Amino acid sequence: MTENTVTPSVGSAEPDFVPAARGPFRTSAFDELLPRERLRFWWAFCWRGLVISACGFAGGFIAGFLLGFFASITMAMLGYDTRAPGPHLVFKILGGAAGLGVGLVLSYQYVRWVFRARLAGFRLVLARES
């Protein structure tokens with residue numbers, strides 16, 4: 001059985017190959033890519049970011065609407081005037097908190113998605129510095 005080792009390239013402090021669970025990967029810096037490859041790599045990030053942003057907008061809107069709606073119904077059943085400025089502030093805070101929660105969950109999913117995806121023929125791999 002052969003051992004997978006990291007060999008430094010000539011004139012570079014970074015290794016040519018990084019051992020990983022799925023085999024060695026050749027490392028490349030973004031500036032070393034051809035302009036066409038940089039554009040494709042950027043677009044692979046960009047469209048995923050747009051999808052996550054759209055989902056975050058929709059999810060935050062729905063979650064905020066539902067929380068505000070149910071809070072309004074609850075306050076009306078308790079006899080509060082829901083048209084007063086105080087309850088409106090509560091509804092805005094609840095909607096903002098719901099949007100923030102949805103956004104945080106989706107940002108975590110975005111990072112997982114990017115590390116699992118093939119980006120224009122490349123994959124992102126974390127390499128721990130020693």
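The values are calculated or read from the model by the stated rules, or taken from the named source; none is laboratory data. The shown structure was predicted, so the numbers you read here are calculated from the model rather than taken from an experiment. Counting neighbours? That spans all protein chains shown, and the Cβs are built from the backbone with ideal geometry, glycine included.
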Determine whether L89 is among the hydrophobic types (A, V, I, L, M, F, W, C) and either farther than 30 Å from V114 by Cβ or in contact (Cβ under 8 Å) with a residue 60 or more places away in the chain (or both). yes
Just to verify a result, which residue in region 72-98, among those that are of a type outside the set (D, E) and outside any helix (DSSP H, G or I), is surrounded by the most Cβ atoms within 10 Å (Cβ to Cβ)? T82
Return yes or no: is S107 farther than 21 Å from C46 by Cβ, part of a helix (DSSP H, G or I), of a type in the set (S, T, Y) and outside the structural domain of R26 (by TED's automatic domain parsing)? no
Any chance region 57-71 includes a residue that's under 16 Å from the mean Cα position of the chain (by Cα) and either within 30 Å of R26 (Cβ to Cβ) or buried (at least 16 other Cβ atoms within 10 Å of the Cβ) (or both)? yes
